[in-house]
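Asks: Have a look at this one.
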Amino acid sequence: MALDFSEFFKKYEAVVAEVDAVFQKFEHDADMGELVKCGKGCSDCCNALFDITMVEAIYLNHKFNQAYSGMERSRIMERADKADRQIHKLKRKVFKASRDGAGAREVLEEVSRARVRCPLLSDDDLCSLYEHRPITCRLYGVPTSIGGKAHTCSLTGFKPGEKYPTVNMDIILDKLLALSEELSKSIGSRFKGLGEMLVPVSMALITDFNEGYLGVSEKKAEPKAEKKPAPKPAAPVSDACGSCSQDKSACASCKENTVVLGGYVKGEEE
């Protein structure tokens with residue numbers, strides 16, 4: 001019997017809706033809208049190297065299997081296999097550099113410079129699964145912060161050294177990891193680290209997320225007599241951008257969600 005992930009897909013799509021709403025706030029803002037340069041045919045983010053959480057990977061795989069078959073599917077799978085081999089070589093290179101004493105920042109900068117074409121990027125530079133693209137892709141054109149350091153696409157109008165409302169990617173990642181862990185527990189996976197796994201898009205496409213891969217035991221656990229209490233609501237995507245009801249003047253005073261591009265949050269300097 002095929003595993004049913006529909007409950008988790010709905011929860012994931014709710015996070016996607018929050019993220020899309022944040023991006024739209026940037027696009028429709030009177031001052032920042034013109035700084036967002038994303039548009040049809042721009043594929044800079046489709047050559048960036050990043051991993052996705054397990055719930056995203058299973059969701060993307062499901063939508064891919066629904067949408068493609070025949071020769072078109074085979075072409076995408078060939079591109080996925082090529083990208084996966086490129087990523088494997090890069091990760092071996094990074095591992096060796098780290099083993100030989102390279103610092104964390106040096107290693108991260110090496111990864112950030114890597115250019116691996118996404119297997120979902122078609123020959124005409126359009127995403128083959130755009131409506132279901134990962135969250136990282138959805139936020140690439142606006143300022144984001146990871147571990148206190150701000151990032152944005154170099155093709156945008158956002159300038160390094162200036163402050164902007166910034167989407168906290170650490171909060172979003174925590175949400176996705178929590179959802180992945182919940183999924184892992186619900187299927188009774190024997191792999192304790194399944195919910196923490198991060199995989200590239202290429203691997204998400206070529207993997208068969210069946211019972212064997214996910215570590216589902218043949219004998220399912222007996223249902224518990226008592227129902228667990230509902231989990232507490234997760235934190236908003238970003239206090240300044242995800243659920244703020246204030247006008248844009250509030251951004252100037254919101255230190256927690258306003259980060260200098262190209263710099264670190266106070267207290268995060270190395």
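The values are calculated or read from the model by the stated rules, or taken from the named source; none is laboratory data. Note that the coordinates shown come from a computational prediction; the quantities given were computed from them, not determined experimentally. With ideal geometry, Cβ positions are generated from the backbone for all residues, glycine too; neighbour counts draw on all protein chains shown. These accessible areas exclude ligands, DNA and RNA; they are computed on the full protein's heavy atoms, side chains included. Shrake-Rupley method; radii C 1.70, N 1.55, O 1.52, S 1.80 Å.
Asks: What residue, of Met203, Met169, is within 30 Å of Ser69 (Cβ to Cβ) and either open to solvent by 10 Å² or more (accessible area, probe 1.4 Å) or in contact with a Gly (Cβ under 7 Å, 6 or more places away or on another chain) (or both)?
Replies: Working: Met169 fails: within 30 Å of Ser69 (Cβ to Cβ).
Answer to the check: Met203.
Asks: Taking region 77-130 as the region of interest, how many residues are over 30 Å from Gln66 (Cβ atoms), assigned to a loop (DSSP other than H, G, I, E, B) and modelled with pLDDT of 80 or more?
Replies: Selection size over region 77-130: 0.
Asks: Shifting gears a bit: State yes or no: is Arg115 touching a Leu at 6+ places or on another chain (Cβ under 8 Å) and loosely packed, with under 15 Cβ neighbours inside 10 Å? Spell out how you get there, then give the answer.
Replies: On the way: touching a Leu at 6+ places or on another chain (Cβ under 8 Å): yes; loosely packed, with under 15 Cβ neighbours inside 10 Å: yes.
Taking the combined requirement at face value, the residue satisfies it.
Asks: Are there any pairs with C-beta distances below 8 angstrom linking a residue in region 36-61 that is farther than 17 Å from Arg115 by Cα and of a type in the set (S, T, N, Q) to a residue that is open to solvent by less than 40 Å² (accessible area, probe 1.4 Å) and assigned to a loop (DSSP other than H, G, I, E, B), with the two at least 6 apart or on different chains, and if so which?
Replies: Asn61/Thr207; Asn61/Phe209
Asks: I need the full set of residues from region 23-63 which are outside any loop (DSSP other than H, G, I, E, B), more than 22 Å from Glu162 (Cβ to Cβ) and either in contact with an Asp or Glu (Cβ under 7 Å, 6 or more places away or on another chain) or small (Gly, Ala, Ser) (or both), in order please.
Replies: The one that is outside any loop (DSSP other than H, G, I, E, B), more than 22 Å from Glu162 (Cβ to Cβ) and either in contact with an Asp or Glu (Cβ under 7 Å, 6 or more places away or on another chain) or small (Gly, Ala, Ser) (or both): Ala57.
Asks: Can you tell me which of (1) surrounded by fewer than 11 Cβ atoms within 10 Å (Cβ to Cβ); (2) at pLDDT below 95; (3) assigned to a helix (DSSP H, G or I) is the one Gln66 doesn't meet?
Replies: Of (1) surrounded by fewer than 11 Cβ atoms within 10 Å (Cβ to Cβ); (2) at pLDDT below 95; (3) assigned to a helix (DSSP H, G or I), only one is false for Gln66: (2).
Asks: I'd like to verify a number: residues in region 54-101 that are among the hydroxyl-bearing types (Ser, Thr, Tyr) and under 13 Å from Phe5 (Cβ atoms), how many?
Replies: 1
Asks: Follow-up. In this structure, does Val36 turn out to be at pLDDT 90 or above, surrounded by 17 or more Cβ atoms within 10 Å (Cβ to Cβ), closer than 18 Å to Cys153 by Cα and within 17 Å of the chain's Cα centre (by Cα)? Write out each step before concluding.
Replies: Working: at pLDDT 90 or above: yes; surrounded by 17 or more Cβ atoms within 10 Å (Cβ to Cβ): yes; closer than 18 Å to Cys153 by Cα: yes; within 17 Å of the chain's Cα centre (by Cα): no.
Criteria not met by Val36.
Asks: In region 144-163, what count of residues is obtained for those that are assigned to a loop (DSSP other than H, G, I, E, B) and in contact with a helix residue (DSSP H, G or I) (Cβ under 8 Å, 6 or more places away or on another chain)? Show your work before the answer.
Replies: Initially, region 144-163 is screened for residues assigned to a loop (DSSP other than H, G, I, E, B), giving 147-148, 152-162.
Those still in the list that are in contact with a helix residue (DSSP H, G or I) (Cβ under 8 Å, 6 or more places away or on another chain) too: 147, 153-158.
Of the residues in that region, 7 qualify.
Asks: Within the set of pairs 6 or more residues apart or between chains, which connect a residue that is open to solvent by less than 30 Å² (accessible area, probe 1.4 Å) inside region 179-190 to a residue that is of a type in the set (Phe, Trp, Tyr) and assigned to a helix (DSSP H, G or I) with Cβ atoms less than 8 Å apart?
Replies: Short answer, once both residue conditions are applied: Leu179/Phe8; Leu179/Tyr12; Leu183/Phe8.
Asks: Residue check: is Asp20 in a helix (DSSP H, G or I), of a type in the set (D, E, K, R) and either within 25 Å of Met169 (Cβ to Cβ) or modelled with pLDDT under 90 (or both)? Can you show your working first?
Replies: Values: in a helix (DSSP H, G or I): yes; of a type in the set (D, E, K, R): yes; either within 25 Å of Met169 (Cβ to Cβ) or modelled with pLDDT under 90 (or both): yes.
Yes.
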